[in-house]
Amino acid sequence: MIKAIRGRLLWYVADPATEGAAARRYLEDGLLVVENGIVAAVGEAADLLPGLPAGTPVADHRPHIVAPGFIDAHIHYPQTQVVASFGATLLDWLERYTFVEEQLFADPAHAEAGARFFLDELLRNGTTTACVYGTVHPGSAEALFAESERRGTRMAAGKVMMDRGAPPGLVDTAESGYRDTKALIERWHGRGRQIYAISPRFALTSTEAQLEAAGQLAREHPDCLVQTHISENLREIEAVAALYPADRDYASVYDRFGLLGPRSLMGHCLHLTEEEFALFHARDAVAVFCPTSNTFLGSGLFDWGRMRDPRHPVRVAVATDIGGGTSYSMLATMGEAYKVLHLQGQTLTPDSAFHAMTLGNAVALGLDRLVGSFAPGHECDAVVLDAGATPATARRLERVRTIEEELFLLTTMGDDRAVRATYVMGELVHSA
Ligand SMILES: [Zn+2]
């Protein structure tokens, strides 16, 4: 089945931080030719249209931008009713709000309804791939994967492993966490577009025996992702030091159990020491920047400049972190990222922002041969963006002269309202 998508095509082939504007591909009147969900060809519409078989359907999105579907590297699907909980920092926020809500996911029907809402909302925001935390209940991951498979989306997800520091209804054991995770990996990892992420919540809610079990899973399934939290909040860091007195620092705890590697997505990384930066670099682990969560919970400012220190560069991914984060929109998230960096005397160019939420995150998740780009052979997940979707942005758009200015308007003022349509494997799955 051949179809085509026409519009102002935008994608990246390299990192603009090192390659500048040469990293960007932009076609004012471009055409994506899609065959069985895969990009078969991309180029100028004038060049490709004459070669299409007669009757090929063409979805014409001019004058809007068509970009690869956004990728969210860290999000909690059981927290859609925790977002916007007032007045707490990480540890009391978990206790007062999050752990209460997550207990409801013991009920499979609640998990299934939550997964449906969650994927609807991601697609409404143009996010077509995410790395997702479930709850401790295996059924939470099962529900998310089943719903993702039904929609044909590429999702990474995992049941959270946590065997202490939480209410009785929200803990597994080292043994059951291992067994349930193993069963989910065997059932879902690599099935269609689904990917398993081994998910010990963080060092405060896992015993050493459980971190050992998680490390064993990572060794037994080296192509699975690993996701966890680290160095988000100063009280959390003190508590980790008290629980793990023999370890030099927080990163060393995870490293001791084999959980810090090139497939590890480490949420937050706000207060890393020099030694931890060096360890992240040595292990090629990924630091995940969640700007709306970090400001909302008062956790701290992510120092992307330091991640680029040539002595120990650290890979970076970007994410919403719903429900510590406050927006499902990767556009709004990158707008907040710009402000967080600006506060530290750093900048985030529009190209770097768009690269980060497409190809950059695909690289971080090890999926860059599959998603995050319109290069032929990639799965055709796409988002159609209208930079003038609201009265305020339409007015500002009148003064926009360059594609860079338009991209910056999209991340500074844009959100779900800027998303005109979303495609998964070439199929329209959301239309405003
Ligand atoms: Zn998180």
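The values are calculated or read from the model by the stated rules, or taken from the named source; none is laboratory data. Note that the structure is a prediction, hence the values are computed from the model and not measured. All Cβ positions, glycine included, derive from the backbone under ideal geometry; neighbour counts span all protein chains shown. What goes into the accessible areas is simple: the full protein's heavy atoms, side chains included, and nothing from ligands, DNA or RNA. Shrake-Rupley method; radii C 1.70, N 1.55, O 1.52, S 1.80 Å.
One table, with the values for the structure above:
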| quantity | calculated |
| --- | --- |
| Net charge contributed by nearby residues that have their C-beta within less than 11 Å of Val240 (K/R +1, D/E -1) | -4 |
| Amide H contacts of Ala421 (H built 1.01 Å from N, under 5 Å, at least 5 apart or other chain) | Val384, Ala432 |
| Lys159, Lys182, Lys339, reordered so the largest accessible area comes first (probe 1.4 Å) | Lys339, Lys182, Lys159 |
| Segment 1-107: chymotrypsin sites (Phe, Trp or Tyr not before Pro) in DSSP loop, at most 15 other beta carbons within 10 Å | Phe86 |
| Length released on extending from Leu234 to Glu28, taking residue separation times 0.36 nm less the Cα-Cα span | 69.4 nm |
| Theoretical gain in end-to-end length, Ala106 to Glu19 [0.36 nm per residue, Cα-Cα removed] | 26.5 nm |
| Contour excess over end-to-end distance, with Cα ends at Arg191 and Asp60 and 0.36 nm allotted per residue | 43.9 nm |
| Pair-distance profile P(r), taking every C-alpha pair of segment 70-364, with 5 angstrom steps and integer % | 1, 6, 13, 18, 21, 19, 14, 7, 2, 0, 0 |
| Reachable lysines from Lys159, criterion Cα separation under 18 angstrom, eight or more residues apart if same chain | Lys182 |
| Under 25 Å from Lys339, Cα to Cα: lysines that are on another chain or at least 8 residues apart | none |
| Between 0 and 90°, nearest 10: helix 330-342 axis offset from the chain longest Cα axis | 70 degrees |
| Solvent-accessible area, 1.4 Å probe, carbon plus sulfur percent, for segment 97-246 | 58 percent |
| Mean separation of Cα contacts under 8 Å (6+ apart) over length of segment 1-47, as relative contact order % | 39 percent |
| C-alpha long axis of helix 208-220 to longest principal axis of the chain, angle in ° | 40 degrees |
| Rg/Rg_globular for segment 47-146, with Rg_globular taken as 2.2 N^0.38 Å and Rg from C-alpha atoms | 1.52 |
| Folded to 0 to 90 degrees: helix 274-283 orientation relative to the chain principal axis, Cα | 70 degrees |
| Exposure of Asp386 as accessible area (Å², to 10), given a probe of 1.4 Å and all protein chains | 20 Å² |
| Å² per residue, accessible surface of the chain at 1.4 Å | 37 Å² |
| Residues Thr89 and Ala375, FRET efficiency given R0 of 51 Å [Cβ-Cβ distance, rounded to 0.05] | 0.75 |
| Carbon + sulfur, % of accessible area of segment 304-432 - ligands and nucleic acids excluded, 1.4 Å | 53 percent |
| Segment 30-99 - convex hull of alpha carbons, volume per residue in Å³ | 165 Å³ |
